[in-house]
Each structure stands twice: as structure tokens, then as C-alpha cells.
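The values are calculated or read from the model by the stated rules, or taken from the named source; none is laboratory data. If you're wondering where the values come from, they're calculated on a predicted model, not measured in any experiment. All Cβ positions, even for glycine, are placed from backbone atoms using ideal geometry, and neighbour counts span all protein chains on display. To get the accessible areas, we keep the full protein, side chains included, count just its heavy atoms, and leave off ligands, DNA and RNA. Shrake-Rupley method; radii C 1.70, N 1.55, O 1.52, S 1.80 Å.
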Amino acid sequence: MPLSTLQLRTNQNKRSNNDCISRTIWACHLTSPVFAQAEAVSNDAPIEISADEALEWHRDKQSYIAKGNAIAIQGDKRIKSDTLTAHYADSQTGDTEITKMIAVGNVEIKTDTDTAYGDHGEYDVLTEIVTLTGNVKIHRDENILNGDRAVVNLKTGISKLLSDKKSGRV
């Protein structure tokens with residue numbers, strides 16, 4: 001395994017995950033890009049998180065922070081941003097599961113049919129729903145939609161563009 005690689009698999013026990021992380025996080029600061037992987041709650045495919053600058057592990061907050069061109073990929077779905085924070089929890093079986101991701105700065109959500117952009121995004125891994133805010137744009141084929149907020153359902157592929165203004169216009 002290269003020094004810049006961090007892999008977490010849910011079929012390992014909690015102690016071996018933590019041992020692997022503590023050894024690898026130190027090495028991650030020496031090289032880049034950085035890579036993390038953990039099983040998702042609602043999908044069998046792993047979520048792969050990579051970044052150009054750094055991957056921080058905050059054990060007490062149960063989170064990872066990917067910095068610099070951070071990308072999370074699960075199957076054909078992709079979330080990209082300047083900084084990506086992945087929150088995880090221990091399941092009843094002792095596995096590590098990513099439950100929520102927060103993307104900040106130049107957020108891009110890509111599915112088979114849409115690409116959505118915004119300043120901030122929150123992804124609920126369990127429901128597979130992303131909420132984007134700030135300078136939101138949704139691209140589908142040749143169409144571009146602009147709004148204040150978007151709700152993107154990665155499971156169904158349905159994107160909703162919403163207005164936060166009193167006029168209700170998007």
C-alpha cells in the first residue's frame with residue numbers, strides 16, 4: 001500500500017481500522033494525493049474519498065476531513081468540493097459507516113443525468129439526498145437552471161431547484 005493511501009473496510013474490526021488509520025494518517029502528510037474508503041450505510045459499493053492536499057482524521061468527532069480538490073465517489077455518483085467532511089458512526093456490528101458528508105467551496109454533484117453546482121452541500125448517505133445552497137446551478141443535457149437551493153436525490157436521479165426568496169422564482 002502506498003504511503004498516501006488510507007483504506008477502511010467495514011469487514012475489519014474496529015481495532016484494526018483504528019490501528020491502520022493511526023499509522024497511515026501520519027504518512028499521509030508526507031505525500032499526496034490522499035485516499036480513504038469506507039462502506040456506505042445505504043449502498044453496497046464503498047465510498048472512496050480522495051484529496052490533493054490532506055486527509056485529517058478526528059477520532060473524537062468521528063470524522064474525516066479531505067482538503068484540496070476533495071472528491072467522494074460511490075459507484076456512478078460523485079461529490080467534489082474544496083473541503084469535504086465525512087462523518088461516520090460505528091454500526092451495531094462494529095463496522096465503520098459514513099453517515100453524512102458536508103462539502104464546502106466549489107461543490108459539484110455528478111450523476112448519470114445531472115451535474116449540480118453550489119457553494120455548500122450536505123449529503124445524507126442513508127437517504128442518498130444532497131442539499132445544495134449558494135449560487136446553485138443544475139446542468140442536464142443542454143439545459144442550465146439557476147436557483148438558491150437544490151435538493152438532489154442520488155437514488156432516484158430527481159433534482160429539485162428551489163428559491164429562498166419571497167418571490168418564489170428560480
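Restricting Lys160, Lys165, Lys155, Lys80 to residues that are at pLDDT 90 or above and among the basic types (Lys, Arg) narrows the list to Lys80. Within region 107-125, the set of residues being open to solvent by 50 Å² or more (accessible area, probe 1.4 Å) and either charged (D, E, K, R) or in a strand (DSSP E or B) (or both) comprises Lys110, Asp112, Tyr117, Asp119, His120, Glu122, Asp124. Applying the selection to region 112-150, what residues are touching a Ser or Thr at 6+ places or on another chain (Cβ under 6 Å), β-branched (Val, Ile, Thr) and under 20 Å from Gly75 (Cα atoms)? Listed by number, the list holds a single entry, Val125. When Ile25 is tested against (1) over 28 Å from Ile138 (Cβ atoms); (2) in a strand (DSSP E or B); (3) at pLDDT below 90; (4) of a type in the set (A, V, I, L, M, F, W, C), only condition (2) is not met. The residue that is nearest to Glu97 (Cα to Cα), among those in region 131-151 that are in contact with an Asp or Glu (Cβ under 7 Å, 6 or more places away or on another chain) and open to solvent by less than 80 Å² (accessible area, probe 1.4 Å), is Thr131.
Within region 51-79, if we keep just the residues that are closer than 17 Å to Thr99 by Cα and of a type in the set (Gly, Ala, Ser), the residue that is most open to solvent (accessible area, probe 1.4 Å) turns out to be Gly75. The strands (runs of 3 or more DSSP E) found entirely in region 47-106 that carry 2 or more residues being on the phi > 0 side of the Ramachandran plot are 63-74.
What about Ser159, is it farther than 24 Å from Ala51 by Cα and crowded, with 21+ Cβ neighbours inside 10 Å? Spelling it out, Ser159 is indeed farther than 24 Å from Ala51 by Cα and crowded, with 21+ Cβ neighbours inside 10 Å.
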